[in-house]
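Below is one structure, written out as structure tokens, with a few remarks after it.
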Amino acid sequence: MIKRTYDWIDERLNITPLWRDIADHEVPAHVNPATKMSAFVYCFGGLTFLIIVTQILSGMFLSMYYVPDINNAYYSVQYITNQVLLGNVVRGMHFWGASLTIIMVFLHMLRVFFTGAYKAPRELNWVVGVLLFFIVLAFGFTGYLLPWDQKAYWATSVGAQIAEQVPVLGPYIRLLLVGGSTVGALTLTRFFAIHVFFLPAALLVLLGAHFLMIRKAGIAGPM
Ligand code: HEM
């Protein structure tokens, strides 16, 4: 039954070559931990991607209950934590996953740096990687405000003041982030929109470019 359905779709869309291309792609020996223990460092990029997928999924479930306005945000997060079935687990995954993403992305970056994999012809992918790193940090900064508690409020106020110190452009960056003179209703909706629409869109485009470039250049050879 499953095979017949698959064949029916395949006859019309010819999907077999698409997944065979990925499934038959050979992994070189020097990146295979089964051949060489120290090759586990090559898993960091894939693990970062895996955590990002869980962040997207847990975030999608959180957004079913979270309310991005200053009167309800705090209570909606309390509701998720204390009332929603498994809400505390999903919130915990998203909360701890945020720190884990930053740790993993950093470890991946160290692997690329210390194996010299940023060198020609992969310089452009390093640049895309740096942009991805900033995106991951921006996810952390914008997400921190969303629970709308004292910690969130003051962390964002301090963050906005730090942004204001940038020469020349600082006051404009602060205004763009905060949306007014103090952190308030506009800041929360703005951070929410950035966190769930702008950053995921940028992340998916950059990840697509990152993976295409990896397939094109292949994984860098052994040291
Ligand atoms: C969202 C974060 C990121 C994800 C999900 C990701 C994912 C990956 C994956 C799966 C690979 C294949 C090899 C491996 O796993 O080590 C890779 C390779 C690579 N990544 Fe990333 N990456 C991210 C961020 C970065 C950052 C921050 C940098 C550097 C600033 C970077 C630079 C590179 C380079 C140059 C390669 C090619 C390495 C080689 O050919 O050996 N990536 N990335």
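The values are calculated or read from the model by the stated rules, or taken from the named source; none is laboratory data. Everything quoted here is computed from the prediction, not taken from an experiment. Quick reminder, even Gly has a Cβ in these numbers, built from the backbone with ideal geometry, and neighbours come from all protein chains shown. These accessible areas exclude ligands, DNA and RNA; they are computed on the full protein's heavy atoms, side chains included. Shrake-Rupley method; radii C 1.70, N 1.55, O 1.52, S 1.80 Å.
Rundown of residues vs (1) within 16 Å of the ligand (Cβ to nearest atom); (2) out of contact with any helix residue (DSSP H, G or I) (no Cβ under 6 Å at 6 or more places or on another chain); (3) assigned to a helix (DSSP H, G or I), yes/no style:
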position	(1), (2), (3)
Thr5	no, yes, yes
Glu26	yes, yes, no
Gln55	yes, no, yes
Pro68	no, no, no
Met93	no, no, yes
Between a first residue in the stretch 18-32 that is touching a residue at least 40 places away in the same chain (Cβ under 8 Å) and a second residue that is surrounded by fewer than 10 Cβ atoms within 10 Å (Cβ to Cβ) and of a type outside the set (Ser, Thr, Tyr), which pairs have beta carbons less than 9 Å apart while being 6 or more apart in sequence or on different chains?
His30/Met223
Return yes when Ser76 is assigned to a helix (DSSP H, G or I), free of Cβ contacts under 8 Å to residues at least 40 places away in the same chain and away from the ligand (no atom under 16 Å from the Cβ) and no when it is not.
yes
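Would you pick out the residues in the stretch 180-206 that are surrounded by fewer than 16 Cβ atoms within 10 Å (Cβ to Cβ) and either part of a helix (DSSP H, G or I) or within 14 Å of the ligand (Cβ to nearest atom) (or both)? Show your work before the answer.
We begin by selecting, within the stretch 180-206, every residue surrounded by fewer than 16 Cβ atoms within 10 Å (Cβ to Cβ); these are 180-182, 184-186, 189, 193, 197-198, 201, 204-205.
Correct list: Ala185, Leu186, Thr189, Ala193, Phe197, Phe198, Ala201, Leu204, Val205.
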Does any residue of the stretch 141-149 turn out to be open to solvent by 30 Å² or more (accessible area, probe 1.4 Å) and within 16 Å of the ligand (Cβ to nearest atom)?
yes
Would the stretch 95-118 turn up any residue that is part of a helix (DSSP H, G or I), within 17 Å of Val178 (Cβ to Cβ), of a type outside the set (A, V, I, L, M, F, W, C) and under 16 Å from the mean Cα position of the chain (by Cα)?
no
Criterion first (within 19 Å of Arg215 (Cα to Cα) and within 16 Å of the ligand (Cβ to nearest atom)) does Val130 satisfy it?
yes
How many residues are open to solvent by 30 Å² or more (accessible area, probe 1.4 Å) and either assigned to a loop (DSSP other than H, G, I, E, B) or closer than 30 Å to Gly208 by Cα (or both) when one looks only at the stretch 79-88?
3
Could you list, in sequence order, the residues of the stretch 119-148 that are in contact with a helix residue (DSSP H, G or I) (Cβ under 6 Å, 6 or more places away or on another chain), over 30 Å from Ala73 (Cα atoms), part of a helix (DSSP H, G or I) and not hydrophobic (A, V, I, L, M, F, W, C)?
Asn125
Filter the stretch 17-75 for residues that are hydroxyl-bearing (Ser, Thr, Tyr) and modelled with pLDDT under 95; which is least open to solvent (accessible area, probe 1.4 Å)?
Ser38
Out of Val127, Val112, report the one residue that is surrounded by 16 or more Cβ atoms within 10 Å (Cβ to Cβ) and of a type in the set (Val, Ile, Thr).
Val112
